[in-house]
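Taking it in order: structure first as structure tokens, then the write-up.
The values are calculated or read from the model by the stated rules, or taken from the named source; none is laboratory data. As the structure is a computational prediction, the values presented were derived from the model and not from experiment. For neighbour counting, all protein chains shown are included, and Cβ atoms are generated from backbone atoms with ideal geometry for every residue, glycine included.
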Amino acid sequence: MIDSGAALNIINKDIVEKFNIPTQPCIPPIRIKAINDTLIDHGIHHQTKTLKLQNGLLNPDVNQMYCCAASKIS
């Protein structure tokens, strides 16, 4: 899952691993919370290297995304 509507551009770390997307350390790490105010994983410790994403024919987007685990809401 990719969430670009959040305050940060976030990508699930399972997708990063599955598609071998190159990453780099995120210094300092970023703490994030789910909508129910619980911490997600241990925060964000890695971000992708710069990616070029194509969103439609005329809308290329170049940025970095922060890698994190999916939240587990009970």
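The C-beta contact set for segment 36-56 (first residue free of Cβ contacts under 8 Å to residues at least 24 places away in the same chain and in a loop (DSSP other than H, G, I, E, B), second residue surrounded by 10 or more Cβ atoms within 10 Å (Cβ to Cβ) and among the charged types (D, E, K, R), distance under 9 angstrom, 6+ apart or interchain) comprises His42/Arg31; Asn55/Asp61.
Scan segment 14-33 and give yes if some residue there is in contact (Cβ under 8 Å) with a residue 12 or more places away in the chain and among the acidic types (Asp, Glu), otherwise no. Yes - at least one qualifying residue is present in segment 14-33. Only one of these conditions is not met by Leu8: (1) out of contact with any Asp or Glu (no Cβ under 7 Å at 6 or more places or on another chain); (2) surrounded by 13 or more Cβ atoms within 10 Å (Cβ to Cβ); (3) modelled with pLDDT of 85 or more. Which number is it? The one condition Leu8 does not meet is (3).
If you scan segment 35-70, which residues turn out to be surrounded by fewer than 13 Cβ atoms within 10 Å (Cβ to Cβ) and of a type in the set (Ser, Thr, Tyr)? Correct list: Thr38, Thr50.
Filter segment 11-35 for residues that are part of a loop (DSSP other than H, G, I, E, B) and not small (Gly, Ala, Ser) and give the result.
Step one: list which residues in segment 11-35 are part of a loop (DSSP other than H, G, I, E, B), which gives 19-22, 31-32, 34-35.
Selection gives Phe19, Asn20, Ile21, Pro22, Arg31, Ile32, Ile35.
Thr38 - would you say it is touching a strand residue (DSSP E or B) at 6+ places or on another chain (Cβ under 9 Å) and either at pLDDT below 90 or not aromatic (Phe, Trp, Tyr) (or both)? Taking the combined requirement at face value, the residue does not satisfy it.
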